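Engineer: Before I ask anything, let me first share the structure, which is written out below as structure tokens.
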Amino acid sequence: MRAFTAEWATAVQQEINADEEYRAAGRRWTGGLSLRLTDSAEEGAVFLDLQAGECREARPADRADLERSRAIVVGPETVWTRLLSGDLDPMLALASGRLSLEKGSLVSLLTHARGARALLQAAARASSARFGHRGSVESHEAGPTKHRSGERRYQTAGGRGLDHALLPMRLWHKAKKLGVWDPQDIDFSRDVEDWTELSRDERELILHLSALFQGGEEAVTIDLLPLIEVVAAEGRLEEEIYLTSFLFEEAKHVETFQRFFGEVAPDHGDLSRFATPAWLRIFSAELPAALDRLREDRSPGAQAQAAVTYNMIVEGVLAETGYHAYHVMLERSRILPGMQLAMGLLKRDESRHIAYGLYLLSRLTAEHGDGAWKAIEAGMGRLLDPALAVIEEIFAAYEEVPFGLRQEEFTGYALDQFRHRLARLERARETGGLLTEVPE
Ligand SMILES: [Fe+2]
Ligand SMILES: [Fe+2]
């Protein structure tokens, strides 16, 4: 079936209305949405009349339809073709700018991310007769990586030394200076006083964010080991040296939040009340699965998926947005100075972790091309939606959000982190270069 025809519009409508996922996820979207081909003037647009999880009408869009659309998603035929054949993730297409918005706000559309994804997937199913089905990301077997006994050559003792110009060594030198702060040295005495002055809702929101961090820091501490084993087995000594500081720092982050809960907020109650579905999906399923997989599969695709999940999504999108939230809540209100200091130190450590992740992903892409890149694109696209859903779940827990926080600000911030790093990875891929920026 040809895409963007009247017949296709009807098939898309039927797919949408048969889709349980869209019925639930699209519940909060009401209004017209048009999909348009940029390189086709007349027939290249369809209008979907969407009302709270249902598609009431779908037809080729005329001018009035485009005017009444709440959002118009546009893109060239090559992009629509990839998307409708399942070769390109719809969220990635939007976040990376391959599809753009002629009308409407990207943040507000991505706030409805699950609905948008379900809808575009329904459109893809309606097109499958023409475009075929989703392909899978190839998994490459890793080359021989184990040291065979008797053949091991020691890099430093053998005279080759360490390459101090490599990004991991430059991060290591930073980490030895900046990552050695002691969580036990942080003075929480004023935080203890401030805590009693906060309103119930303010305390609950700080507990909420801190509980997600506490679980998240523990998860990344537990889950990093398989990646360290991979770089050790591949003989990348400089990377292994850097990763020792990485793991040490995550362990200190766990300790920092423990001090907060033990000393500042001992009245915290059962913290598991904050673990909502999207957070659990990322921290109890996606992250451990992506890293555990490295124990059996050291292919470039598996390594890329691990670094995307760990460094780009968990650290790059969620942790960074979380620090921004602490900054807004604590610094603007001039409260909890111990936590303010701690969050500044954590954020600085995380910036090195993310820099390593970018380096690793650019190295995998430079060395293995599509074998790594397809996994990067697939992982970034698939995980953006649950990452934004974590933010959505936090805000959904409050009738009136304390400290005047607005969901759009944080969804926008998260999206900026995502897009900025994806763009850097794409540029590195085009030039075949490595990402070697050392953060402050
Ligand atoms: Fe951390
Ligand atoms: Fe980290």
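Computed from the coordinates by the stated procedures, all read-outs in this text should not be read as laboratory data. These numbers come from a predicted model, not from an experiment. Glycine also receives a Cβ, built like all others from the backbone with ideal geometry; neighbour counts cover every protein chain displayed.
Engineer: Separation between the Asp201 and Ala24 pseudo-spin-labels, each 7 Å from Cα along Cα→Cβ, expressed in nm?
Structural biologist: 2.8
Engineer: For the chain, what relative contact order do you get, as a whole percent, if you take Cα pairs closer than 8 Å and at least 6 residues apart?
Structural biologist: Relative contact order here is 18 percent.
Engineer: Further question on the same structure: Provide Val230, Val180 in ascending order of the number of other Cβ atoms located within 10 Å of each residue's Cβ, fewest first.
Structural biologist: Listing Val230, Val180 from fewest to most nearby Cβ atoms yields Val180, Val230.
Engineer: Just Leu415, Leu120, Leu162 to compare: in a GNM of the chain, with alpha carbon springs under 10 Å, which one fluctuates most?
Structural biologist: Among Leu415, Leu120, Leu162, the largest GNM mean-square fluctuation belongs to Leu162.
Engineer: Then there is this: Quick one: grab the alpha carbon gyration tensor of segment 296-387, order the square roots of its eigenvalues as a ≥ b ≥ c, and give me rounded if a/c is under 1.5, else prolate or oblate depending on whether a/b is larger than b/c.
Structural biologist: Because a/c hits 1.5 or more and a/b exceeds b/c, segment 296-387 counts as prolate.
Engineer: Amide H of Cys55 versus every other amide H placed in the peptide plane: which residues, excluding those fewer than 5 positions away on the same chain, fall under 5 Å?
Structural biologist: Here the answer is Asn17, since their amide H atoms fall under 5 Å of that of Cys55.
Engineer: In nanometres, what is the gap between the two model label sites at His420 and Asp187, each 7 Å from Cα along Cα-to-Cβ?
Structural biologist: 3.2
Engineer: With just the Cα atoms defining each centre, how far is segment 342-367 from segment 411-439? Give it in Å.
Structural biologist: Using only Cα atoms to place each centre, the spacing works out to 11 Å.
Engineer: To the nearest 0.05, what FRET efficiency results for Arg2 and Ala52 with a Förster distance of 30 Å applied to their C-beta separation?
Structural biologist: The computed FRET efficiency comes out at 0.50.
Engineer: Once phi is turned into ³J(HN,Hα) by the Karplus curve 6.51 cos²θ - 1.76 cosθ + 1.60 with θ = phi - 60°, what whole-Hz value does each residue of segment 81-87 show in order, with x for glycine and proline?
Structural biologist: For segment 81-87, the Karplus curve yields 4, 4, 5, 6, 8, x, 8 Hz.
Engineer: Within the chain, how many Lys pairs that are eight or more residues apart, or on different chains, come under 20 Å at the alpha-carbon? All intermediate terms of the calculation are to be shown ahead of the outcome.
Structural biologist: Details: Lys174/Lys252; Lys174/Lys347; Lys176/Lys252; Lys176/Lys347; Lys177/Lys252; Lys177/Lys347; Lys252/Lys347.
Step by step, the pairs that qualify in the chain add up to 7.
Engineer: Which of the GluC sites (Glu not before Pro) across segment 259-329 are loop residues per DSSP, with 13 or fewer other Cβ within 10 Å?
Structural biologist: Glu296
Engineer: State, to one decimal in nm, how far the label point of Ile222 lies from the label point of Ala165, with both points 7 Å from Cα in the Cβ direction.
Structural biologist: Distance between the two pseudo-spin positions: 4.2 nm.
Engineer: Against the longest principal axis of the chain, how steep is helix 237-259, in degrees 0 to 90 to the nearest 10, with axes from Cα atoms?
Structural biologist: In the chain, helix 237-259 runs at an angle near 90 degrees to the longest axis.
Engineer: Over the Cα atoms of the chain, how large are the radius of gyration and the largest Cα-Cα distance (Dmax), in Å?
Structural biologist: Values for the chain (Cα only, Rg and Dmax): 23.7, 76 Å.
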